[in-house]
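Heads up, the thing below is written out as C-alpha coordinates.
The values are calculated or read from the model by the stated rules, or taken from the named source; none is laboratory data. What you see is a predicted model; the values in this text were computed from it and never measured. Note that each Cβ is placed from the backbone with ideal geometry, even for glycine, and that neighbours are counted across all protein chains shown. These area figures cover heavy atoms from the full protein model, side chains too; ligands, DNA and RNA do not enter into them. Shrake-Rupley method; radii C 1.70, N 1.55, O 1.52, S 1.80 Å.
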Amino acid sequence: MGLDFGGGYRLRAALAEDHAGLNMVCLRTGDSGKDATEREDDPDLLGLIYAVPYQVYEPDFAFVVDGPNGVCGYIFGAPDTPGIYAKMAADWFPPLAARLADPGPDESRWQGSDWARYAIRHPEFVYPDVLHRYPAHGHIDLLEEARGRGIGRRGMEHVMAKLRRAGATGMHLQVSPVNRGAQSFYRKLGFEVLKDEVLPRHTTFMVTGL
Ligand SMILES: CC(C)(COP(=O)(O)OP(=O)(O)OC[C@H]1O[C@@H](n2cnc3c(N)ncnc32)[C@H](O)[C@@H]1OP(=O)(O)O)[C@@H](O)C(=O)NCCC(=O)NCCS
(Lines give C-alpha, C1' and ligand atoms only; values in the text may rest on other atoms or scores of the structure.)
Protein backbone atom coordinates (compact mmCIF):
# COMPACT_ATOMS: atom_id res chain seq x y z
CA MET A 1 0.00 0.00 0.00
CA GLY A 2 1.26 3.48 -0.83
CA LEU A 3 0.34 7.13 -0.51
CA ASP A 4 0.08 9.45 -3.49
CA PHE A 5 1.28 12.97 -2.68
CA GLY A 6 0.65 14.36 -6.18
CA GLY A 7 3.22 15.96 -8.48
CA GLY A 8 4.78 12.56 -9.14
CA TYR A 9 5.68 11.97 -5.47
CA ARG A 10 4.58 8.77 -3.80
CA LEU A 11 5.27 6.76 -0.63
CA ARG A 12 5.77 3.01 -1.05
CA ALA A 13 7.30 0.11 0.87
CA ALA A 14 11.12 0.16 0.87
CA LEU A 15 12.65 -2.95 -0.71
CA ALA A 16 16.09 -4.59 -0.70
CA GLU A 17 16.61 -3.16 -4.21
CA ASP A 18 16.36 0.35 -2.69
CA HIS A 19 19.50 0.06 -0.53
CA ALA A 20 21.63 2.14 -2.92
CA GLY A 21 18.91 4.82 -3.00
CA LEU A 22 18.64 4.81 0.79
CA ASN A 23 22.41 5.28 1.10
CA MET A 24 22.29 8.15 -1.41
CA VAL A 25 19.49 9.99 0.46
CA CYS A 26 21.23 9.42 3.80
CA LEU A 27 24.50 10.85 2.42
CA ARG A 28 22.80 13.89 0.89
CA THR A 29 21.02 14.73 4.18
CA GLY A 30 23.67 13.39 6.57
CA ASP A 31 25.26 16.62 7.80
CA SER A 32 22.48 17.68 10.23
CA GLY A 33 20.02 17.69 7.32
CA LYS A 34 22.52 19.08 4.77
CA ASP A 35 24.54 17.27 2.09
CA ALA A 36 27.46 15.33 3.65
CA THR A 37 29.00 14.27 0.31
CA GLU A 38 32.08 16.50 0.63
CA ARG A 39 32.77 15.32 4.20
CA GLU A 40 32.63 11.56 3.65
CA ASP A 41 35.22 9.38 1.87
CA ASP A 42 32.92 6.32 1.95
CA PRO A 43 29.51 7.32 0.56
CA ASP A 44 27.66 4.28 1.93
CA LEU A 45 28.50 4.24 5.63
CA LEU A 46 25.95 6.81 6.80
CA GLY A 47 23.17 4.81 5.15
CA LEU A 48 24.50 1.53 6.50
CA ILE A 49 24.22 2.98 10.03
CA TYR A 50 20.99 5.00 9.89
CA ALA A 51 18.89 3.68 7.00
CA VAL A 52 19.51 0.22 5.51
CA PRO A 53 19.19 -1.84 8.75
CA TYR A 54 15.67 -0.46 9.22
CA GLN A 55 14.62 -1.82 5.82
CA VAL A 56 16.26 -5.14 6.70
CA TYR A 57 14.87 -5.59 10.23
CA GLU A 58 11.56 -3.65 10.14
CA PRO A 59 10.38 -3.82 6.50
CA ASP A 60 6.71 -3.34 7.50
CA PHE A 61 7.58 0.15 8.78
CA ALA A 62 10.13 1.09 6.07
CA PHE A 63 9.08 3.40 3.23
CA VAL A 64 10.70 5.28 0.40
CA VAL A 65 9.44 8.40 -1.31
CA ASP A 66 9.62 8.12 -5.09
CA GLY A 67 9.70 11.36 -7.04
CA PRO A 68 9.94 12.34 -10.69
CA ASN A 69 13.71 11.64 -10.53
CA GLY A 70 13.55 8.39 -8.56
CA VAL A 71 14.03 7.76 -4.84
CA CYS A 72 14.09 11.11 -2.99
CA GLY A 73 13.40 10.20 0.61
CA TYR A 74 12.68 7.58 3.23
CA ILE A 75 10.77 7.17 6.46
CA PHE A 76 11.53 4.36 8.91
CA GLY A 77 9.84 3.20 12.06
CA ALA A 78 10.86 0.64 14.64
CA PRO A 79 8.06 -0.33 17.07
CA ASP A 80 10.40 -2.06 19.54
CA THR A 81 13.61 -0.08 20.01
CA PRO A 82 15.46 -2.58 22.27
CA GLY A 83 14.49 -5.39 19.88
CA ILE A 84 15.97 -3.78 16.77
CA TYR A 85 19.02 -2.53 18.68
CA ALA A 86 19.71 -6.11 19.84
CA LYS A 87 19.56 -7.36 16.23
CA MET A 88 21.85 -4.59 15.02
CA ALA A 89 24.34 -5.29 17.80
CA ALA A 90 24.38 -9.05 17.16
CA ASP A 91 24.00 -9.34 13.38
CA TRP A 92 24.34 -6.02 11.57
CA PHE A 93 27.37 -4.13 12.83
CA PRO A 94 29.88 -6.97 13.50
CA PRO A 95 30.19 -8.15 9.85
CA LEU A 96 30.31 -4.53 8.65
CA ALA A 97 33.01 -3.68 11.19
CA ALA A 98 35.06 -6.68 10.09
CA ARG A 99 35.55 -5.22 6.60
CA LEU A 100 36.43 -1.67 7.71
CA ALA A 101 39.77 -0.29 8.83
CA ASP A 102 39.95 0.65 12.52
CA PRO A 103 40.45 4.43 12.81
CA GLY A 104 41.33 4.13 16.50
CA PRO A 105 39.78 6.08 19.37
CA ASP A 106 41.70 9.37 18.93
CA GLU A 107 39.11 11.70 17.37
CA SER A 108 41.73 14.35 16.62
CA ARG A 109 43.23 11.98 14.00
CA TRP A 110 39.95 11.09 12.30
CA GLN A 111 39.43 12.11 8.68
CA GLY A 112 36.60 11.66 6.17
CA SER A 113 34.37 8.78 7.24
CA ASP A 114 36.58 7.66 10.15
CA TRP A 115 33.88 8.82 12.59
CA ALA A 116 31.47 6.36 10.88
CA ARG A 117 34.03 3.52 10.86
CA TYR A 118 34.45 4.10 14.59
CA ALA A 119 30.66 4.26 15.14
CA ILE A 120 30.22 0.95 13.31
CA ARG A 121 32.93 -0.69 15.42
CA HIS A 122 31.54 0.86 18.63
CA PRO A 123 27.81 1.37 18.02
CA GLU A 124 25.98 3.54 20.54
CA PHE A 125 22.49 2.25 21.42
CA VAL A 126 20.72 4.77 23.63
CA TYR A 127 17.62 3.42 25.38
CA PRO A 128 17.73 4.33 29.09
CA ASP A 129 14.68 4.03 31.41
CA VAL A 130 13.61 7.59 30.68
CA LEU A 131 12.80 6.57 27.07
CA HIS A 132 10.78 3.46 27.98
CA ARG A 133 7.48 5.38 27.77
CA TYR A 134 8.40 5.97 24.10
CA PRO A 135 9.46 2.50 22.93
CA ALA A 136 9.22 3.12 19.17
CA HIS A 137 11.67 5.28 17.22
CA GLY A 138 12.08 6.45 13.66
CA HIS A 139 14.04 8.32 11.01
CA ILE A 140 12.99 10.58 8.14
CA ASP A 141 15.10 12.25 5.45
CA LEU A 142 13.90 13.90 2.24
CA LEU A 143 16.04 15.35 -0.53
CA GLU A 144 15.56 19.06 -1.09
CA GLU A 145 13.28 18.55 -4.12
CA ALA A 146 10.74 16.70 -1.93
CA ARG A 147 10.63 19.14 0.98
CA GLY A 148 7.93 21.68 1.77
CA ARG A 149 5.15 19.73 0.03
CA GLY A 150 3.55 18.15 3.09
CA ILE A 151 5.25 14.83 2.35
CA GLY A 152 7.06 14.74 5.70
CA ARG A 153 3.90 15.35 7.70
CA ARG A 154 1.68 12.91 5.78
CA GLY A 155 4.41 10.27 5.60
CA MET A 156 5.25 10.49 9.31
CA GLU A 157 1.55 10.40 10.25
CA HIS A 158 1.22 7.24 8.15
CA VAL A 159 4.16 5.55 9.88
CA MET A 160 3.09 6.74 13.34
CA ALA A 161 -0.40 5.30 12.78
CA LYS A 162 1.15 1.97 11.77
CA LEU A 163 3.33 1.98 14.89
CA ARG A 164 0.28 2.74 17.04
CA ARG A 165 -1.67 -0.13 15.44
CA ALA A 166 1.29 -2.41 16.18
CA GLY A 167 0.89 -1.58 19.86
CA ALA A 168 3.54 1.10 20.40
CA THR A 169 2.37 3.64 22.98
CA GLY A 170 5.02 6.29 22.36
CA MET A 171 7.85 7.20 20.02
CA HIS A 172 11.20 8.97 20.27
CA LEU A 173 13.51 10.51 17.69
CA GLN A 174 17.09 11.71 17.73
CA VAL A 175 17.88 14.95 15.96
CA SER A 176 21.02 17.03 15.69
CA PRO A 177 20.95 19.95 18.15
CA VAL A 178 21.79 22.30 15.25
CA ASN A 179 19.02 20.97 12.97
CA ARG A 180 16.45 23.55 14.03
CA GLY A 181 14.32 23.03 10.93
CA ALA A 182 13.78 19.35 11.69
CA GLN A 183 13.05 20.17 15.35
CA SER A 184 10.34 22.64 14.23
CA PHE A 185 8.92 19.99 11.91
CA TYR A 186 8.78 17.38 14.69
CA ARG A 187 7.12 19.90 17.03
CA LYS A 188 4.38 20.39 14.43
CA LEU A 189 3.79 16.62 14.63
CA GLY A 190 3.39 16.76 18.43
CA PHE A 191 6.93 15.84 19.54
CA GLU A 192 8.63 17.73 22.36
CA VAL A 193 12.23 17.82 23.51
CA LEU A 194 13.06 15.44 26.36
CA LYS A 195 15.94 16.59 28.53
CA ASP A 196 17.48 14.25 31.08
CA GLU A 197 20.98 13.99 32.49
CA VAL A 198 21.28 10.34 31.40
CA LEU A 199 20.78 11.24 27.72
CA PRO A 200 23.89 12.02 25.67
CA ARG A 201 24.34 15.74 24.93
CA HIS A 202 25.53 15.40 21.34
CA THR A 203 22.00 14.61 20.18
CA THR A 204 18.54 16.01 21.00
CA PHE A 205 15.80 13.55 21.93
CA MET A 206 12.21 14.36 20.99
CA VAL A 207 9.25 12.29 22.19
CA THR A 208 5.50 11.91 21.75
CA GLY A 209 2.73 9.56 22.79
CA LEU A 210 1.12 7.57 19.96
C1 LIG B 1 12.54 17.88 8.13
C2 LIG B 1 11.79 17.28 6.94
C3 LIG B 1 11.61 15.78 7.16
C4 LIG B 1 10.41 17.95 6.86
O5 LIG B 1 9.67 17.35 5.81
P6 LIG B 1 8.80 18.26 4.82
O7 LIG B 1 8.05 17.37 3.90
O8 LIG B 1 9.67 19.29 4.24
O9 LIG B 1 7.76 18.94 5.85
P10 LIG B 1 6.22 19.27 5.56
O11 LIG B 1 6.13 20.01 4.27
O12 LIG B 1 5.38 18.06 5.69
O13 LIG B 1 5.90 20.27 6.75
C14 LIG B 1 5.12 19.90 7.89
C15 LIG B 1 5.11 21.06 8.87
O16 LIG B 1 6.43 21.26 9.39
C17 LIG B 1 6.89 22.57 9.12
N18 LIG B 1 8.29 22.52 8.72
C19 LIG B 1 8.85 21.65 7.85
N20 LIG B 1 10.16 21.93 7.68
C21 LIG B 1 10.41 23.01 8.47
C22 LIG B 1 11.58 23.78 8.71
N23 LIG B 1 12.75 23.48 8.12
N24 LIG B 1 11.49 24.83 9.57
C25 LIG B 1 10.31 25.14 10.18
N26 LIG B 1 9.16 24.42 9.99
C27 LIG B 1 9.22 23.38 9.13
C28 LIG B 1 6.05 23.05 7.95
O29 LIG B 1 5.93 24.46 7.93
C30 LIG B 1 4.71 22.37 8.19
O31 LIG B 1 3.96 23.11 9.11
P32 LIG B 1 2.33 23.10 9.02
O33 LIG B 1 1.92 21.65 9.07
O34 LIG B 1 1.88 23.90 10.18
O35 LIG B 1 2.00 23.70 7.68
C36 LIG B 1 12.54 17.52 5.60
O37 LIG B 1 12.65 18.91 5.40
C38 LIG B 1 13.92 16.91 5.54
O39 LIG B 1 14.05 15.74 5.26
N40 LIG B 1 14.98 17.71 5.79
C41 LIG B 1 16.37 17.29 5.65
C42 LIG B 1 16.74 16.07 6.45
C43 LIG B 1 16.45 16.20 7.91
O44 LIG B 1 16.72 17.22 8.53
N45 LIG B 1 15.90 15.13 8.47
C46 LIG B 1 15.63 15.02 9.89
C47 LIG B 1 16.80 14.40 10.53
S48 LIG B 1 16.53 14.15 12.26
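Key figures
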read-out	value
Net charge contributed by nearby residues that have their C-beta within less than 13 Å of A168 (K/R +1, D/E -1)	+1
Longest segment of the chain lacking GluC sites (Glu not before Pro) that sit in a DSSP loop with at most 15 other Cβ atoms within 10 Å	39-123
Length-normalised contact order of segment 110-210 in % [C-alpha pairs under 8 Å, at least 6 apart]	31 percent
Accessible surface of segment 76-186 [probe 1.4 Å, protein heavy atoms]: carbon and sulfur percent	48 percent
Gyration tensor verdict on segment 1-127 (Cα atoms; rounded if a/c is under 1.5, prolate if a/b is larger than b/c, oblate otherwise)	oblate
Selection of trypsin sites (Lys or Arg not before Pro), segment 82-136, meeting DSSP coil and at most 16 other Cβ within 10 Å	R99, R133
Around R133: net Lys/Arg minus Asp/Glu count, Cβ-Cβ under 15 Å	-2
Three-way shape call for segment 123-198 based on the alpha-carbon gyration tensor, with the a/c threshold at 1.5	oblate
Positive minus negative residues near A51 (Lys, Arg vs Asp, Glu; Cβ under 13 Å)	-3
Highest to lowest packing among 167-180, 23-36, scored as the average C-beta count within 10 Å	23-36, 167-180
Length-normalised contact order of the chain in % [C-alpha pairs under 8 Å, at least 6 apart]	20 percent
